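The block underneath contains the structure these notes are about, expressed in structure tokens.
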Amino acid sequence: MMIDKNYEMGENERLDDLQCNGYKLLQNTACFCFGMDAVLLSSFTHVEENNILLDMCTGNGVIPILIKGKNPKKKVHYTGIEIQETSYILANKNVLLNRLSQDIHMIKGNVNNLKELIGNTLYDVITCNPPYMNENHGLVNPESAKAIARHEILCTLEDIIREASKHLKVKGHMYMIHRPRRLVELFLLMEQYHLEPKVIRMVHPYADKDANMVLIEAVKCGNRQLQTLPPLIVYNRDGSYTDELLQMYNEK
């Protein structure tokens, strides 16, 4: 399956410019489209030469593609796992579209079944932009693609932390983005599964507003020492992106 200038967009599909190393991304508006959190996480994640990286809940593959785009000269092998068929198909299309088949591999399945899917593989780096919400009551359609992407319907935060720990090398790094209101829960789960939080950075929409996202780096079996980075501010007072955000979008 090749995607070229003659490729016809499917229903609800659109093509976005990632503003990163010339990469583009097919998205389906009926599914959950990537947002700023993917850009933040890809910029926060650090990879080394010859690392192997697993992206959990990869969706349409945006995070591995962005990390590759931000580290074009580093030889890193990326794997993404996604449970939803439509998103998994899109992720494969995006790998082909950007000619990244030698670098990025997609697998379909639930993170709870990782052992069956990847065997005894251990990763240097695991990334995850997980469903943020654990309040599933009142959902009109809990089986919809957007509900599954946003809510802990098919996997929980504990599932993600547990499976990440199982498949990380000792001293391997996990990078996540989540909501500050669940930070205590995150720390407790990480401690339970031998992932030591090492670095956090709060993300604020404006300098005078509360944080609405938090970036976390944890190390498997790491020493207990937490570094808090300066806050990341998204918008200037006039509503424009701050210089740091523009740099993450490679626009400055």
Q) How would F187, F44 rank on accessible area, largest to smallest, probe 1.4 Å? A) F187, F44
Q.
Report the Rg/Rh value for region 149-252, based on alpha-carbon coordinates and the Kirkwood definition of Rh.
A. 1.03
Q. In what sequence, largest accessible area first, do K73, K209 appear using a 1.4 Å probe?
A. K73, K209
Q: Quick one: of K75/K171; K73/K166; K74/K115; K68/K209; K70/K115, which pairs are farther than 25 Å apart, Cα to Cα?
A: K73/K166; K74/K115; K68/K209; K70/K115
Q | Long-range amide H partners of I233 with built H, under 5 Å | A | H204
Q. In whole Å, what is the distance between the alpha-carbon centres of region 191-251 and region 93-123?
A. 27
Q) Of the accessible area of the chain, with the probe set at 1.4 angstrom, what percent is carbon plus sulfur? A) 49
Q.
Keeping all protein chains in place and using 1.4 angstrom, which order do S87, S43 fall into by accessible surface area, from largest down?
A. S43, S87
Q.
I'm spelling it out carefully: the read-out is volume of the Cα convex hull per residue in Å³, the candidates are (i) 180; (ii) 142; (iii) 134, and one was derived from this structure. Which label?
A. (ii)
Q: Return a whole-number percent for the relative contact order of the chain, with Cα pairs under 8 Å and 6 or more residues apart as the contact set.
A: 16
Q: Based on a Kirkwood Rh over C-alpha pairs, give the Stokes-Einstein translational diffusion coefficient of region 31-76 at 37 °C and viscosity 0.692 mPa s in µm²/s.
A: 297
Q. Amide H of V199: which non-local residues (sequence gap of 5 or more, or other chain) have their own amide H closer than 5 Å, using H built in the peptide plane?
A. E217, Q227
Q: Identify the GluC sites (Glu not before Pro) of region 211-252 meeting these criteria: DSSP loop state and at most 15 other C-beta atoms within 10 Å of the C-beta.
A: E251
Q. What does the helix-only formula give at 222 nm for the chain: each DSSP H stretch with n ≥ 4 adding -39500 (n - 2.57), the total divided by the residues, and the result rounded to the nearest 500 deg cm²/dmol?
A. -7500 deg cm²/dmol
**Q.** Protection-proxy order for peptides 96-108, 225-237, each taking the mean of Cβ atoms within 10 Å per residue, highest first
**A.** 96-108, 225-237
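The values are calculated or read from the model by the stated rules, or taken from the named source; none is laboratory data. It should be emphasised that the depicted structure is a prediction, and the values quoted were computed from it without experimental measurement. Every residue, glycine as well, gets a Cβ built from its backbone with ideal geometry; the counts of neighbours run over all protein chains shown. For the accessible areas, the whole protein counts, side chains as well, though only heavy atoms, and no ligand, DNA or RNA atoms are used. Shrake-Rupley method; radii C 1.70, N 1.55, O 1.52, S 1.80 Å.
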